[in-house]
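The values are calculated or read from the model by the stated rules, or taken from the named source; none is laboratory data. The shown structure was predicted, so the numbers you read here are calculated from the model rather than taken from an experiment. Please note: Cβ atoms are built from the backbone with ideal geometry, for glycine as well, and neighbour counts cover all protein chains shown. Accessible surface is based on the protein model in full, side chains and every heavy atom, while ligands, DNA and RNA are left aside. Shrake-Rupley method; radii C 1.70, N 1.55, O 1.52, S 1.80 Å.
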Amino acid sequence: MKILKYTFLFLLGTMLSCSSDDDTTIEQIVTELDGLNKVQEIANDTHVIELYSSTGTLEQGFNGISLRIKNKTTNEYEKNATITWTPVMHMAMMMHSCPKSEIAKIASKETLYNGYIVFQMAQNDTEYWDLQVDYTIADVAYTATAVVNVPASAKQRVTSFTGSDNVRYVIAMIEPTTPKVATNDVTFGLYKMESMMSFPVVDNFKIKIDPRMPSMGNHGSPNNVDLTQSADKLYRGKLSLTMTGYWKINLQLLNNIDEVLKGETITETTTASSIYLELEF
Ligand SMILES: [Cu+2]
């Protein structure tokens, strides 16, 4: 049966490629969603917006998100949309947003747009996130909103805190996504809460890291490199992990004149910083 199936697919492929002068069509359908899994759909009267991530889920912390917009009338995916998005957490006493990127077309793709959202809090029984997507196609504006599922992450991938300058900050881990026993490239996003709805990137700060294994005498690792801002606005450094297991990445946030705004140096008596992220692998 398998052989028959593959023979059929082969014949179908041959027929399609012979009958079509657009020889990239089949390939595009296959590669367009490479490595992506659908999270959910957000619909309005005219379109269905499909959300994708590598895992097919969202969670507390940094989330790379791809989306495409299907026209309900033509069943075609829109290729020339201008898109913005607004995540909002509906809490008992207030509403607030979170750090997010702009949304841009992926250069190598026909219909996919992408960006990221940093959910600094998880949903609970009574408090939830929704995502509003506003977009313009051929000068006509549309909007669609739906509740999105943002469960707590197993390990702490994001931390929010108030600095000694009285500003509220968010630090989110972006890389490593698959940590190794090695000196890993490490990428964090650093944002400040300007208002309940605005969380811009913070420029020219420094994030010091001190990874430790609390279960093994709180030992550290050599050759870590503190994170500084790259041209793409994210913060990058080197994270040394000398063995597998649970690591607490103790943090210190320094401003542009090297003043520590939050976090402590690890010593014999101070075994953890008040701000940290976690990894287990
Ligand atoms: Cu909240």
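Work out the length of the dipole vector of the chain about its Cα centre, built from +1 on the beta-carbon of each Lys and Arg and -1 on the beta-carbon of each Asp and Glu, and round it to the nearest 20 debye. Could you put the intermediate results ahead of the total?
Numbers: 23 positive and 33 negative charges, 130 e Å.
The dipole of the chain has a size of about 620 debye.
Sorting check: for 200-212, 135-147, which peptide has the highest mean count of neighbouring beta carbons within 10 Å, and how do the rest follow?
On the way: 200-212: 18.0, 135-147: 13.3.
Those peptides, ordered most packed to least, come out 200-212, 135-147.
Quick one: plug the Kirkwood hydrodynamic radius of segment 158-280 (C-alpha pairs) into Stokes-Einstein at 20 °C, 1.002 mPa s, and report D in µm²/s. If you can, show how the numbers build up before the last one.
On the way: Rh = 14.7 Å.
The diffusion coefficient I find is 146 µm²/s.
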Could you tell me the largest-minus-smallest coordinate of the C-alpha atoms of segment 37-148 on each of the three principal axes, in descending order and whole angstroms?
41, 27, 20
For Lys79, go through the lysines and keep the ones whose alpha-carbon is under 30 Å away, minus same-chain ones fewer than eight residues off.
Lys38, Lys70, Lys100, Lys105, Lys109, Lys233
Relative to the longest principal axis of the C-alpha atoms of the chain, give the angle of the C-alpha long axis of helix 2-19, reported between 0 and 90° and rounded to the nearest 10°.
70
Carbon and sulfur atoms: what percent of the 1.4 Å accessible area of segment 82-179 do they account for?
51
If contacts are Cα pairs under 8 angstrom and at least 6 residues apart, what is the relative contact order of the chain in percent?
13
Roll a 1.4 Å probe over the protein heavy atoms and report the accessible area of Ile266 in Å², nearest 10.
20
Here D for the chain, in µm²/s, from Stokes-Einstein with a Kirkwood Rh over Cα pairs at 25 °C and 0.890 mPa s, works out to 115
If each residue of separation counts as 0.36 nm, what is the full-extension length gain between Lys105 and Thr228 once their alpha-carbon separation is subtracted?
41.5 nm
Would you check the accessible area of Tyr77, probe 1.4 Å, heavy atoms only, in square angstrom rounded to 10?
60
